[in-house]
Each structure stands twice: as structure tokens, then as C-alpha cells.
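So the structure is just underneath, and the comments pick up after that.
The values are calculated or read from the model by the stated rules, or taken from the named source; none is laboratory data. Keep in mind it's a predicted model, so treat the numbers as computed, not measured. Cβ placement follows ideal geometry from the backbone for every residue including glycine, while neighbour counts extend to all protein chains displayed.
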Amino acid sequence: MGASLSSQTEGTNRTGMRPGLGDIPEGCLACVFMNLTPPEICNLARLNRAFRGAASSDSIWVKKLPPNYQDLLNLLPPERYQNMSKKDIFALLSRPVPFDDGYKEVWLDRVTGRVCMAISAKGMAITGIDDRRYWNRVATEESRFHIVAYLLQIWWFEVDGVVKFPLPADVYTLSFRIHLGRFSKRLGRRVSSFEHTHGWDIRPVRFELSTTDGQLASCECYLDDMEQDYENRNHKRGCWIEYKVGEFIVSNSETVTEVRFSMKQIDCTHSKGGLCVDSVFIIPTDLIDCKRRGILK
């Protein structure tokens, strides 16, 4: 059986054997690869020389790249991508590409080639961030930016941000990634401390986003839930949660999209604290839904 599979894979028809996979013309393989995802193409490229040649074709990979991929490349030094094949460019852009002093990142989803983005807490305007009485910067491996903003205590809580980028036409979801409590490692185990966590169950936090073409979205959410009993645990504490702010539509890939977003709780009748702010994500909406259902990894 192993010999039979080997002959079909190599497809060398020198001895009068029946045609194998290696005898399929590269043009036919290219047509098939057009309908496959990048991971599937790379897996098939391991079969034999013909598959490997077809899987490296620029005509295939240019279709997997978004229409604005050159805008992503422009964020990199030219020597990083000059003389690269489209396949290698796809691989390069599948890794985070930093911009705006490294406080923002953009990358391609490895399966769909769709554009995703993240904005660090250091790329946002946070009220009182430079006052150590209120906020601390905490280094951590749990953030893609390796640092988060930790709130000790404050009365006026406000986080604002803006991003300008020529996003491809798509429907996007914007969300904040936050964590109630401070976390650390002790004896190799992750532990959370809620010493400063208070005030998030009294009034809701308001999330908002707006775009230059007039799209608006907002929602309110209590970040803490003190009504859950100890046996059932408080599932909002001690873990990272992405709070969806809303969706917006980009219909023109050739113009720069400006998105403003905020997270605030400015009721000064009480203080609040014990919160980590990591980042904001802008991800194609159906990509989030597919990953949640386990369709994409």
C-alpha cells in the first residue's frame, strides 16, 4: 500500500504505470488551489513537486491577499519585502505589523486573509495615566503588547482612542479587552488579586465608537457582578474578557477609515479600581463568529 501511494504521489509515468497525482498539470492544480485556504494549500504542497510548484504560484497567492496589502507593506522597511513572492508576502503579513510607534498592530488572518487590528493601552488616552496614585504600567506575557495599564483607584474613569487606516471593505467588530483584578505568577501558578477591585457593580461602564462617515454604536455594561454567590463564583473576575462595543461597515477600500472609541464611567459619586486595560481589537465580524463556533482555529 505504501508503494502504491508513493507512486501515485510522485506520478512518474516512465515505466508505463497509470497516471498519478504528479501528472496533474499545474494549471489544473492552480484552479483547485484558488478555492482552498492558505493552510490547505501549504499542506497539499508537501505531496510532490507538481503540487509544490503550483502552490507557489503568485497568481494564487495574490488572490489570498487583501486589496490593500500594499498599505500593510508600506508600514515595513522596503528591504523586508523586496523581491518576495506573493506567498512569502502573505506569510510576512500574517505576523503582526506594528505602526504608530509600535502601539498598534495590523495582520492578516492566516485562514481567510482578512485584515485584523489591535491597539495597545499605550496607544490610547487614559485619564490620569501618568499619576502613579491612580495607574501603573504592568509588564505581562498575557498581552500581545507585553504591557497593560492597571487602575488602582480613580473617580473619573475614561479611556479614549482613535485609529486611522485604509481598511478593506468589510464589516468589523470593535471590542475592549479588560481584566478585573491584578494577576501574577506565584510558584509557577497564575493567581489574581482583587485588593483594589471595587465600584464596577454600582454603575455601568459606557462603551462607544464612531466613524468619520457617521456610524455610531454604544452599549453599557456592569463590569463586576457581586450578585453571584461564592459557590458559583464570579466569572467576570480573574479572567480576560472582550467587551463588544459595536460594529461598523467599511464600503470603500481606497479611503482611510477613522474610528474613534471610548470606555468611560464618569459618575464621580464613587471611586472604582482594580482593573487592567490591555487593548482594543478590530476584527471582521463573521471571523469572530466562525472562531467562536470552532469553524476557524
Condition test on R46, is it in a loop (DSSP other than H, G, I, E, B) and touching a residue at least 12 places away in the same chain (Cβ under 8 Å)? no
When you go through E254, E258, E208 one by one, which is the residue that is under 21 Å from L151 (Cβ atoms) and of a type in the set (D, E, K, R)? E208
Single match in V106, V148, V111 (criterion: over 30 Å from H198 (Cα atoms), modelled with pLDDT of 95 or more, in the same structural domain as E254 (by TED's automatic domain parsing) and not small (G, A, S)): V106
Under 7 Å between Cβ atoms, which residue pairs at least 6 apart in sequence (or on different chains) link something in the stretch 117-146 that is farther than 13 Å from P98 by Cα with a partner that is surrounded by fewer than 20 Cβ atoms within 10 Å (Cβ to Cβ) and of a type in the set (S, T, N, Q)? Y134/Q153; H146/T140
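Only one of F207, F183, F176 is within 26 Å of L72 (Cβ to Cβ) and surrounded by 13 or more Cβ atoms within 10 Å (Cβ to Cβ); which?
Numbers: F207 fails: within 26 Å of L72 (Cβ to Cβ); F183 fails: within 26 Å of L72 (Cβ to Cβ).
Of the residues listed, the single one that is within 26 Å of L72 (Cβ to Cβ) and surrounded by 13 or more Cβ atoms within 10 Å (Cβ to Cβ) is F176.
Being touching a helix residue (DSSP H, G or I) at 6+ places or on another chain (Cβ under 6 Å) and either modelled with pLDDT of 90 or more or assigned by TED's automatic domain parsing to the domain that holds K104 (or both) is true for just one of V277, V250. Which residue is that?
Working: V250 fails: touching a helix residue (DSSP H, G or I) at 6+ places or on another chain (Cβ under 6 Å).
Only one candidate qualifies: V277.
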Of (1) on the phi > 0 side of the Ramachandran plot; (2) at pLDDT below 95, L296 satisfies every one except (1)
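Per-residue answers, yes or no, for (1) assigned to a strand (DSSP E or B); (2) within 26 Å of the chain's Cα centre (by Cα); (3) in contact (Cβ under 8 Å) with a residue 60 or more places away in the chain:
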position: K185; (1), (2), (3): yes, yes, no
position: S192; (1), (2), (3): yes, yes, no
position: W200; (1), (2), (3): no, no, yes
position: F207; (1), (2), (3): yes, yes, no
position: G214; (1), (2), (3): no, yes, no
position: S218; (1), (2), (3): yes, yes, no
position: D224; (1), (2), (3): no, yes, no
Determine, yes or no, whether F90 is in contact (Cβ under 8 Å) with a residue 40 or more places away in the chain and within 25 Å of K63 (Cβ to Cβ). yes
With the requirement that a residue be among the charged types (D, E, K, R) and either closer than 13 Å to D88 by Cα or in the same structural domain as T112 (by TED's automatic domain parsing) (or both), what does the stretch 34-62 give you? D58
